[in-house]
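One structure below.
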Amino acid sequence: VLQIVKESQQQHGLRHGDFQRYRGYCSRRLRRLRKTLNFKMGNRHKFTGKKVTEEILSDNRYLLLILMDAERAWSYAMQLKQEANTEPRKRFHLLSRLRKAVKHAEELERLCESNRVDAKTKLEAQAYMAYLTGMLRFEHQEWKAAMEAFNKCKTIYEKLANAFTEEQAVLYNQRVEEISPNIRYCAYNIGDQSAMNELMQMRLRSGGTEGLLAEKLEALITQTRAKQAATMSEVEWRGRTVPVKIDKVRIFLLGLADNEAAIAQAENEETKERLFESLLSECRDAIQAVREELKPDQKQREHSLENDSGKVSNIQYLHSYLTYIKLSTAIKRNESMAKSLQKALLQQQRSDEDGKRSPRPQDLIRLYDIILQNLVELTQLPGLEEDKNFQKETGLKTLVYKAYRCFFIAQSYVLVKKWSEALVLYERVLKYAREVQSGAGAHRNSLKELPDVQDLITQVNAEKYSLQAAAILDANDPHETESPSQVKDGKPLSERFETFCLDPSLVSKQVSLVHFPPGFQPIPCKPLFFDLALNHVAFPPLEDKVEQKAKSGLTGYIKGIFGFKS
């Protein structure tokens, strides 16, 4: 049962979460099965209901009929669950379709009790019915009944996984992993507080929950933080205590430490990137809430600035603190991406791979440009202009990232064999690194999280020697120097027969033999004839003929008017 269900789901839409497509597939397969088995429900004019009984179980496709009915109802319920986020009334229809799916699953389990069905199918039918029952109870928020159903389903699949080979057990173990977060969630709602920590660990390991539990777990985390936020009234940052009255900001600040710990414990880069994006999204929401409080308080803030001699208000200082968290998180995210790109760049140098786009030093330059831009924004935060220690720390961080940016710019110049430019940039890297080492002093604790400058100095010195050697070899390479016999002037072969020239293009597909199409050449024009004798010819006079013709014409016209004939 489970293998049929999983293969159908993966091949017809559920790989991308398209439940509507899968529901259409179930309907079409039901129609094909009824037509093949001659098990139609009447005709187009009249409906005649038929039920699958144990007596007609001569073909296993009769069980497929019940299974596809249950899958069609379940997929429709999941489709309605997605739509219920914007249309809450569809939740009633969702529960109705889940009840229908459970009804079909119970019928499948009853039919599988027949002697014609093997033991494996009987157990799978029981597990399938328990799974759908648990989902229905979960939606009804009947936590105890849901946990019992999920535990029954989990137990059956675990026994099936132990009874078969490893290849067959993979499918059962995947289903066990899918329902484990649901069991923990039900246990938490029943009263088991330790289940919350297990849910958080599952969320980290899997890179985020999916499906039925995802929204509920996020809502649960927010609800737990909201309860703790009721006791939080102020926050201290850089020696100044600021009251926090906005609930959304309280919730965000309470969850900040947990989010940072989750990022540090993330096992892969994909999970870490997703957690960074989630933290930045929450931070942006908190900043927006503070901005809305700042708008009506504009005049009061201007008045407080005048009275306090430039000291910003508490709400403005809180806004600066949240902006600092956002920019610092963005810097950490870009630095994490830069480290992963550096590893990929190092692996690419060791083994060249074809077929996919390989990382380049230009990608790292772009990341460090964004980091430097964030650091510039940090120095311009209101309320921190007079903080000398903060400005000094930010200046040292800027030098560190400038050094790394220069290093990768030099690497990009090395790739195109611009040796002198790369050497100058390596010297600039060493200059920045020495400035950081000389200016660190009392700020070494704040530079612990930054990349080590001493490693960069060691790497640059090694790269300088490699660059000088490559430049010398490139200058002495006979293949690169052009002799007079190799210089081409662009003429085709037909125009340089008397000159010997080593032209590799003569054996290539784009050989230049002649100019084609040929150029235009001057040719003699067609002669022009001028009739000069016409000006010296004397023609006979025609005056008498012209006057006679004019008279006869006028007389004939007058006679014609009065009716006389000539």
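The values are calculated or read from the model by the stated rules, or taken from the named source; none is laboratory data. Worth saying up front: this structure is predicted, and the values here are computed from it rather than measured. Cβ placement follows ideal geometry from the backbone for every residue including glycine, while neighbour counts extend to all protein chains displayed. The accessibility values were calculated without ligands, DNA or RNA, using every heavy atom of the protein model including side chains. Shrake-Rupley method; radii C 1.70, N 1.55, O 1.52, S 1.80 Å.
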Taking a label point 7 Å from the Cα of Thr121 along Cα-to-Cβ, the residues of the range 40-83 whose backbone nitrogen sits under 15 Å from it are 52-68
State, to one decimal in nm², a quarter of the convex hull surface area for the C-alpha atoms of the range 60-197, i.e. the direction-averaged projected area. 9.4
In Å and on Cα atoms, what radius of gyration and Dmax does the range 381-474 show? 15.8, 56
Ignoring ligands and nucleic acids, Thr36 exposes an accessible area, probe 1.4 Å, in Å² to the nearest 10, of 90
What full-extension length gain, to one decimal in nm, is calculated for Phe539 and Glu87 as 0.36 nm per residue of separation minus the Cα-Cα distance? 152.0 nm
With θ set to phi - 60°, apply the Karplus curve 6.51 cos²θ - 1.76 cosθ + 1.60 along the range 459-467 and write out the HN-Hα couplings as whole Hz, x wherever there is a Gly or Pro. 5, 5, 4, 5, 5, 4, 5, 5, 5
For Thr241 and Ala163, calculate 0.36 nm times their separation in residues minus their Cα-Cα distance, and state this gained length in nm to one decimal. 21.9 nm
Note, ³J(HN,Hα) from phi for the range 20-36, Karplus 6.51, -1.76, 1.60, rounded to Hz, x at Gly and Pro: 5, 5, 5, 5, x, 5, 4, 5, 5, 5, 4, 5, 5, 5, 5, 5, 5
Placing each pseudo-label 7 Å from Cα in the direction of the beta carbon, Asp503 and Ser114 end up separated by a distance in nanometres of 8.6
Output the peptides 368-380, 99-111, 463-475 sorted from most to least packed, where packing is the average of other Cβ atoms within 10 Å over each peptide's residues. 99-111, 368-380, 463-475
Over the Cα atoms of the range 8-94, each weighted equally, I'd like the Debye log10 I(q)/I(0) at q = 0.13, 0.17, 0.20, 0.22 Å⁻¹, rounded to two decimals. -0.53, -0.81, -0.96, -1.04
Under 16 Å by backbone N from the virtual spin label 7 Å along Cα-to-Cβ at Gln454, the residues of the range 404-435 are 433-435
Heavy-atom accessible area of His12, protein chains in place, probe 1.4 angstrom, given in Å² to nearest 10, is 40
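About the Cα centre of the range 381-474, how large is the charge dipole given +1 on each Lys and Arg Cβ and -1 on each Asp and Glu Cβ? Please answer in debye to the nearest 20.
Values: 13 positive and 12 negative charges, 32 e Å.
For this selection, approximately 160 debye.
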Highest mean packing first, using Cβ neighbours within 10 angstrom, the peptides 406-416, 523-533 sort as 406-416, 523-533
Under the Karplus relation with 6.51, -1.76 and 1.60 and θ = phi - 60°, whole-Hz ³J(HN,Hα) for the range 528-538, x at Gly and Pro, equal 9, 10, 10, 7, 7, 6, 5, 6, 9, 8, 9
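Show me the chymotrypsin sites (Phe, Trp or Tyr not before Pro) within the range 7-73 that DSSP assigns to loop and that have at most 10 other Cβ atoms within 10 Å of their Cβ. Intermediate results must be reported in sequence, preceding the final value.
Values: sites: Phe19, Tyr22, Tyr25, Phe39, Phe47, Tyr62; in loops: Phe39, Phe47.
Answer by residue number: Phe47.
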What percentage of the solvent-accessible surface of the range 381-474, computed with a 1.4 Å probe over protein heavy atoms, is contributed by carbon and sulfur atoms? 52
Note: Ala470 to Leu294 extended length (0.36 nm per residue) minus current alpha-carbon separation gives 57.4 nm
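With all protein chains present and a 1.4 Å probe, how do Val507, Val514 order by accessible area, largest first? Could the numbers behind the result be given before it?
Values: Val507 135, Val514 90 Å².
Sorted descending by solvent-accessible area, the residues read Val507, Val514.
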Summed side-chain charge close to Leu425 - residues other than Leu425 whose Cβ falls under 13 Å, Lys, Arg +1, Asp, Glu -1: +3
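Loop-only check: which trypsin sites (Lys or Arg not before Pro) in the range 1-41 are DSSP coil with at most 15 other Cβ within 10 angstrom? If you can, show how the numbers build up before the last one.
Values: sites: Lys6, Arg15, Arg21, Arg23, Arg28, Arg29, Arg31, Arg32, Arg34, Lys35, Lys40; in loops: Lys40.
Answer by residue number: Lys40.
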